[in-house]
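Below is one structure, written out as structure tokens; comments come after it.
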């Protein structure tokens, strides 16, 4: 039985990759975790690569791949300095990962994503928005940047205004943008989460 992944926005990205006919070589920047969505693309015939900076999350992803009997090729790496050559991938994504660094580092990471993306290729990036329930909590370390507790660890969360992310993609073709606000139960409490999703195409 195929795995059903909770990162539903990546099914939308996959749909756009298919519609645009991008080359079926994909990179996930922030590919760790116990249910890595990179496998969505593997199931649809893509050659998959991933980078993950956290050793524990990397181990979880590789255990998943081993248990499922699939090859994802997820390795240790930092999206601010992607360890691949220029214009190698038909599609690149970073889902739920890029906002765990400061905004100046997010800018570096997006420049790296553009570098490794082929002309005509698509990338998907999502940012935390100021509509998120965690915005303006914790220790402020910069404009829209906070140190906050997450699953027992102190992590960086960087939050964007609705159009703040546009500047990263001025040299690219806009394909899709969505300001998502959702409410759900988490550990018995109703929470509000806010994200801004971008799908853009390299000219």
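Points to keep in mind about this one:
- Residue in region 51-65 that is modelled with pLDDT of 95 or more, out of contact with any helix residue (DSSP H, G or I) (no Cβ under 7 Å at 6 or more places or on another chain), surrounded by fewer than 20 Cβ atoms within 10 Å (Cβ to Cβ) and within 18 Å of residue 176 (Cβ to Cβ) present: no
Okay, residues lined up against (1) surrounded by fewer than 21 Cβ atoms within 10 Å (Cβ to Cβ); (2) touching a residue at least 40 places away in the same chain (Cβ under 8 Å):
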position	(1), (2)
110	no, yes
114	yes, yes
122	no, yes
129	no, yes
136	yes, no
140	yes, no
149	yes, no
156	yes, yes
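- Subset of region 124-157 [more than 30 Å from residue 172 (Cα to Cα), assigned to a loop (DSSP other than H, G, I, E, B) and in contact with a strand residue (DSSP E or B) (Cβ under 9 Å, 6 or more places away or on another chain)]: 133, 134, 136, 137, 138
- Selection status of residue 13, part of a helix (DSSP H, G or I), over 22 Å from residue 111 (Cβ atoms), within 15 Å of the chain's Cα centre (by Cα) and at pLDDT 95 or above: no
The values are calculated or read from the model by the stated rules, or taken from the named source; none is laboratory data. Not measured: the values here are computed from a predicted model. Cβ coordinates were reconstructed from backbone atoms using ideal geometry, including for glycine residues, and neighbour counts include every protein chain displayed.
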